[in-house]
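Trainee: Got a structure for you, questions after.
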Amino acid sequence: MIDYALIGTGRIGTSLELDKLREKPASHAGAARQNKEVRLAAGADPDAEKLTAFGRQWRLPADCLFTDPAVMLDRVRPGIVSIAADTDAHIPLLKLALDRKIPVVILEKPVAATLAEGENTLPLVEAAEKAGTIRVIVNHERRFSADYNHALGLIRSQCFGRLLTMNGRLYMGKTRAIEKVLWHDATHMVDIIRYLAGEITVERCFGSVEPGGGNWFAIGRAGESSLVMEVSPGRDHLHFELDLSFERGRLRIGNGIFEEGESRPSPYYEHYRSLMPVSRRFKKTGYFSGMMAHAVELYHDRALPCRSSFADGLAAIRVIDGMIHASARP
Ligand SMILES: NC(=O)c1ccc[n+]([C@@H]2O[C@H](COP(=O)([O-])OP(=O)(O)OC[C@H]3O[C@@H](n4cnc5c(N)ncnc54)[C@H](O)[C@@H]3O)[C@@H](O)[C@H]2O)c1
């Protein structure tokens, strides 16, 4: 059994597990409790109320709850630790875990509060990983999700031909500044685009990232395909979608979205082909359980390639930072 500890007992750390509608597990603690090789041993948070609620939720005794993560790491010596604290605490806490040689660290996104902080930390992480003592996984959870891995299979097998265009759409709130949405939410989009299609090159950004800036677009390339990304305000609903257009098919994939279409002789027009729906569904994507299973794999074999490395997480914020700098400011 691998002892597991959680730093940051807030929403993604633990309380999203209480959302009745979400696919479970939906949190770090939930994923740890569900994995048969892992023992949810302890949690740390300076917020006593959230810490107590975490203890109650998972029936952990008071001596498993810590207000100071350093004390917890020293007492519990976990094999796997998640850092699910506020973004500005990610790098200080990661350095703490590196210092204590915790074998596997799961780090929330964005990996750092600024690009410079992330860049400065990369050599530390790489040196620790090279020494074989530590592995760092970034929780860009779509990399562990069955539906996105199906998309990766379509791209690699070329069963719909070449991927020609990717359109990403992200709407997160009516008035949130685009800069904030880019930094905190589009990191997921940029990361999964890199995972699916390859390195992103941004050619132009249109629109302002400041509050009240209206619709925002980036155009460029992802691997061999064209890329258009939109991040816009004004919607009262959450929308995260990638639209992948292939030579002979299409896939729309996102939060609550999975629609595949393949090119067949058209039922609407003679001598033409049309996209016709393929009936495939993913009832369960296993995004969080897949992430924890990968942490267990890396615990047992530190030499395995990491499916969501610190370098990947950093690459995502490098792209985001570039987009923000390329955007108009008043
Ligand atoms: N992967 C995802 O889909 C996803 C979803 C939500 C949030 N996140 C990320 O997770 C992080 C936390 O977000 P949240 O929504 O759960 O926030 P939250 O405010 O609900 O929880 C954060 C918790 O961290 C605690 N904390 C702050 N500093 C700490 C420290 N030094 N040591 C220990 N605990 C500390 C806070 O007291 C709080 O309880 C953010 O970086 C966010 O970007 C990722």
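Trainee: Starting from 0.36 nm per residue, how many nanometres of slack lie between K95 and F258 once their C-alpha separation is accounted for?
Mentor: 54.8 nm
Trainee: Using only Cα atoms, tell me the angle between helix 187-197 and the longest principal axis of the chain; keep it within 0 to 90° and round to the nearest 10.
Mentor: On a 0 to 90 degree scale, this one is about 60.
Trainee: Under 24 Å Cα-Cα from K180, which lysines qualify once same-chain neighbours fewer than 8 residues away are excluded?
Mentor: The reachable lysines, counting only those whose Cα sits under 24 Å from K180, are K109.
Trainee: Would you work out if the range 1-81 is rounded, prolate or oblate? Take a ≥ b ≥ c from the square roots of the eigenvalues of the alpha-carbon gyration tensor; rounded if a/c is under 1.5, else prolate when a/b is larger than b/c, oblate otherwise.
Mentor: The shape class here is oblate.
Trainee: Would you work out which of I178, V71, A151 lies farthest towards the positive end of the dipole of the chain, given +1 charges on the beta-carbon of Lys and Arg and -1 on that of Asp and Glu, about the Cα centre?
Mentor: So the residue furthest toward the plus end is A151.
Trainee: Let me ask another. Just add up the charged neighbours of E297: K/R +1, D/E -1, any other residue whose Cβ is under 12 Å from the Cβ of E297.
Mentor: +1
Trainee: Let's test the formula: R0 of 41 Å, r as the Cβ-Cβ distance of Q34 and E270. What FRET efficiency results, to the nearest 0.05? Spell out each step's value before the answer.
Mentor: Details: r = 53 Å, r/R0 = 1.30.
Plugging the Cβ-Cβ distance into 1/(1 + (r/R0)^6) gives 0.15.
Trainee: Quick check: from the Cα gyration tensor, does the range 70-174 come out rounded (a/c under 1.5), prolate or oblate?
Mentor: Working: a/c = 2.33, a/b = 1.83, b/c = 1.27.
Prolate, since a/c reaches 1.5 and a/b exceeds b/c.
Trainee: Which net charge results for the neighbourhood of G43, defined as the other residues with beta-carbon distances under 14 angstrom from its beta-carbon, given Lys and Arg at +1 and Asp and Glu at -1?
Mentor: 0
Trainee: Right, another one. Running a GNM on the chain with Cα contacts under 10 Å, which residue among A85, A29, A70 ends up with the highest mean-square fluctuation?
Mentor: A70
Trainee: Stretched out fully, how many nm does the piece from M1 to D88 gain, at 0.36 nm a residue minus the Cα gap?
Mentor: Full-extension gain reported as 28.2 nm.
Trainee: Once you have the Cα-Cα distance between R56 and R235, take 0.36 nm times their residue separation minus that, and quote the gain in nm to one decimal.
Mentor: 60.8 nm
Trainee: Between K174 and D63, what is the label-to-label distance in nm when each label sits 7 Å out along the Cα-to-Cβ direction?
Mentor: Simple spin-label model gives 5.2 nm for this pair.
Trainee: Angle between the Cα long axis of helix 287-300 and the longest principal axis of the chain, 0 to 90 degrees, nearest 10?
Mentor: Computed tilt is about 50 degrees.
Trainee: What is the spin-label model distance, in nm, from A131 to N215 if the labels are put 7 Å beyond Cα along the C-beta direction?
Mentor: It works out to 5.2 nm between the two label points.
Trainee: According to the square roots a ≥ b ≥ c of the eigenvalues of the Cα gyration tensor, what is the shape class of the chain, taking rounded for a/c under 1.5, prolate for a/b larger than b/c otherwise, and oblate for the remainder?
Mentor: Details: a/c = 1.84, a/b = 1.58, b/c = 1.16.
Cα axes put the chain in the prolate bin.
Trainee: Still on this structure, I have one more. Taking every DSSP beta bridge with both residues inside the chain, roughly what % is antiparallel (nearest 5)?
Mentor: Numbers: 38 of 66 bridges.
Once the DSSP bridges in the chain are tallied, antiparallel ones form about 60 percent.
Trainee: Let me ask something else. Would you mind checking the tilt of helix 310-326 against the longest principal axis of the Cα atoms of the chain, expressed as 0 to 90 degrees and rounded to 10?
Mentor: Long axis of 310-326 versus the principal axis of the chain: about 60 degrees.
We did not get these values from a lab; they are worked out from the coordinates using the rules stated. Note that the coordinates shown come from a computational prediction; the quantities given were computed from them, not determined experimentally. Cβ atoms come from the backbone with ideal geometry, glycine included; neighbour counts cover every protein chain shown.
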